[in-house]
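The structure under discussion appears below in the form of structure tokens.
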Amino acid sequence: MGAERAGRGREAAFFDLDKTVIARSSTMAFSRPLHAGGLLSRSAMLRSAYVHLLYHAGGADHAQMERMRDTVSRMVIGWDVQQVRDIVATTLAELIVPIVYEEATALIAEHQKAGRDVVIVSASGIELVEPIGAMLGVDHVVATRMAILDGRYTGAIDYYAYGENKAEAIRELAAARGYRLERCFAYSDSITDLPMLRAVGHPVAVNPDKGLRREAQLRDWPVQDFSRPISLRPKFPAAQAAAGTAALGAGAAAGLVWYASRRKDSVKDVKPVSGREAARVRRATSRPE
């Protein structure tokens, strides 16, 4: 680890997942294999595709996110948890590896080189987020956890990683690991993640929806537009194996789900960032302050 990791435990970079690290909704990305596995009906799969189209086109406000949460909760009742994990493990390389933003992987690498922990904070389910986090080599993930009884989802939500809950998770993780939040970074595309962005000293709007672009303009936050999804295969040839291991609950799972397991009982207004601003962001992420 050496000098490059010397800053670990003092600073962190928190990343939303969908449309920030990957170019689409992680939940919707798995609708076809879930259908093929007999878990998702054709009508539900088509509804998922429609919701994803709306989400990709304009983002999602609070009411839409609540509707999506209720839809997913009802949809998964009775699903076998291990079957879901197996489907994710066997299709992750095909579905997610090709749509990770090149700009996001570069930022993750820069933060890790500067000695910061990297944490994915996502409203998607832990069964999806955990293997993606392992694939990317991040230090922790915070994600939604569905209630499980006898190996099947009940439809209840034990912990919902959304809105203010994300900010609370960041603060508790910072207290536990000694992060100085005023020196930490956060990246998101959605106005619903405003609490998470406000919790750190260096918020960055990435591919922001209309509401977040407006807030970024008002608060003078940097705006970055990620536009280059690339396949991770050349960079991470072992990505599929690592993701499969995480999805099946091996080795790294304890660290990745630290916060979620702890909280089981809680349930085109701005112009793209200028060359000068982009250079400032790169300088800030490339070294501890």
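Per-residue answers, yes or no, for (1) surrounded by fewer than 19 Cβ atoms within 10 Å (Cβ to Cβ); (2) among the hydroxyl-bearing types (Ser, Thr, Tyr); (3) part of a strand (DSSP E or B); (4) out of contact with any Lys or Arg (no Cβ under 9 Å at 6 or more places or on another chain):
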{"site": "93", "(1), (2), (3), (4)": "no, no, no, no"}
{"site": "108", "(1), (2), (3), (4)": "no, no, no, yes"}
{"site": "111", "(1), (2), (3), (4)": "no, no, no, yes"}
{"site": "118", "(1), (2), (3), (4)": "no, no, yes, yes"}
{"site": "127", "(1), (2), (3), (4)": "no, no, no, no"}
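If you check 143, 147 for being surrounded by fewer than 24 Cβ atoms within 10 Å (Cβ to Cβ) and of a type in the set (A, V, I, L, M), only one passes: 147.
Among the residues of region 1-27, those identified as at pLDDT 70 or above and assigned to a helix (DSSP H, G or I) are 26, 27. Give the residue that is surrounded by the most Cβ atoms within 10 Å (Cβ to Cβ), with candidates limited to residues of region 190-215 that are acidic (Asp, Glu) and modelled with pLDDT of 95 or more. Residue satisfying both the conditions and the ranking: 193. Of the residues examined, residue 218 is not one that is within 19 Å of residue 123 (Cα to Cα), outside any loop (DSSP other than H, G, I, E, B) and modelled with pLDDT of 95 or more. Checking each residue of region 133-140 against the condition of being crowded, with 19+ Cβ neighbours inside 10 Å, part of a loop (DSSP other than H, G, I, E, B) and of a type outside the set (Gly, Ala, Ser) gives at least one match.
Name the single residue, out of those in region 152-171 being assigned to a helix (DSSP H, G or I) and of a type in the set (A, V, I, L, M, F, W, C), that is surrounded by the most Cβ atoms within 10 Å (Cβ to Cβ). Result: 169.
The values are calculated or read from the model by the stated rules, or taken from the named source; none is laboratory data. The shown structure was predicted, so the numbers you read here are calculated from the model rather than taken from an experiment. Note that each Cβ is placed from the backbone with ideal geometry, even for glycine, and that neighbours are counted across all protein chains shown.
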